[in-house]
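Student: A single structure is presented below for examination.
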Amino acid sequence: MVQPSSSFRKRLTPTDQVTDLVDSVKLYARQETLGPLKGAARWVAVGTCASLSLGLAMVFLALAVLRLSQDLGGHALDGDWSFVHYLITFVVVSVLVWLSYSRISQRSLAKGE
């Protein structure tokens, strides 16, 4: 059996022990706070970009549906019936919003949960 050499385990003075403890606590605090915060910031950034892209796409889609409805409706839906184009657009966008909302999952930021 090999005995550990005396140079392997150096005796620390009480001051060195306190300094080592403080450094260990600082490193642990950084590891347990900054790491998850960086991950959460990345998660929020991706979510923000995705929601802005989806919102912009919905606006363009609403305009496209309105314009298509106005083109296909012709003169039959002019005058007093002009609100029908907006009603059609509202219904289509409402269905798409509902579909988007139904696809949202409630995942945690922590990967293990």
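The values are calculated or read from the model by the stated rules, or taken from the named source; none is laboratory data. Since the model is a prediction, treat every value here as computed from it, not as a measurement. Methodologically, a virtual Cβ is constructed for each residue, glycine included, from the backbone with ideal geometry; neighbour enumeration extends over all protein chains shown.
Student: Could you list, in sequence order, the residues of segment 69-90 that are in a helix (DSSP H, G or I) and on the phi > 0 side of the Ramachandran plot? It would help to see each step written out before you state the result.
Tutor: Quick first cut of segment 69-90, residues in a helix (DSSP H, G or I) only: 69-73, 79-81, 83-90.
Gly79 - this is the single residue of segment 69-90 that is in a helix (DSSP H, G or I) and on the phi > 0 side of the Ramachandran plot.
Student: Does Leu66 count as in contact (Cβ under 8 Å) with a residue 40 or more places away in the chain, touching a Ser or Thr at 6+ places or on another chain (Cβ under 7 Å) and assigned to a helix (DSSP H, G or I)?
Tutor: Working: in contact (Cβ under 8 Å) with a residue 40 or more places away in the chain: no; touching a Ser or Thr at 6+ places or on another chain (Cβ under 7 Å): yes; assigned to a helix (DSSP H, G or I): yes.
No: the conditions fail for Leu66.
Student: Which condition number does Ser105 fail, the rest of (1) modelled with pLDDT under 95; (2) assigned to a helix (DSSP H, G or I); (3) polar (S, T, N, Q); (4) loosely packed, with under 11 Cβ neighbours inside 10 Å being met?
Tutor: Evaluating Ser105 over (1) modelled with pLDDT under 95; (2) assigned to a helix (DSSP H, G or I); (3) polar (S, T, N, Q); (4) loosely packed, with under 11 Cβ neighbours inside 10 Å leaves (2) as the failure.
Student: Please determine whether any residue of segment 43-60 is in contact with a Ser or Thr (Cβ under 9 Å, 6 or more places away or on another chain) and either modelled with pLDDT under 90 or part of a helix (DSSP H, G or I) (or both).
Tutor: Among the residues of segment 43-60, at least one is in contact with a Ser or Thr (Cβ under 9 Å, 6 or more places away or on another chain) and either modelled with pLDDT under 90 or part of a helix (DSSP H, G or I) (or both), which makes the answer yes.
Student: Just one of Ala62, Ala29 is loosely packed, with under 11 Cβ neighbours inside 10 Å and of a type outside the set (Phe, Trp, Tyr); which is it?
Tutor: Values: Ala62 fails: loosely packed, with under 11 Cβ neighbours inside 10 Å.
Criteria check complete, one pass: Ala29.
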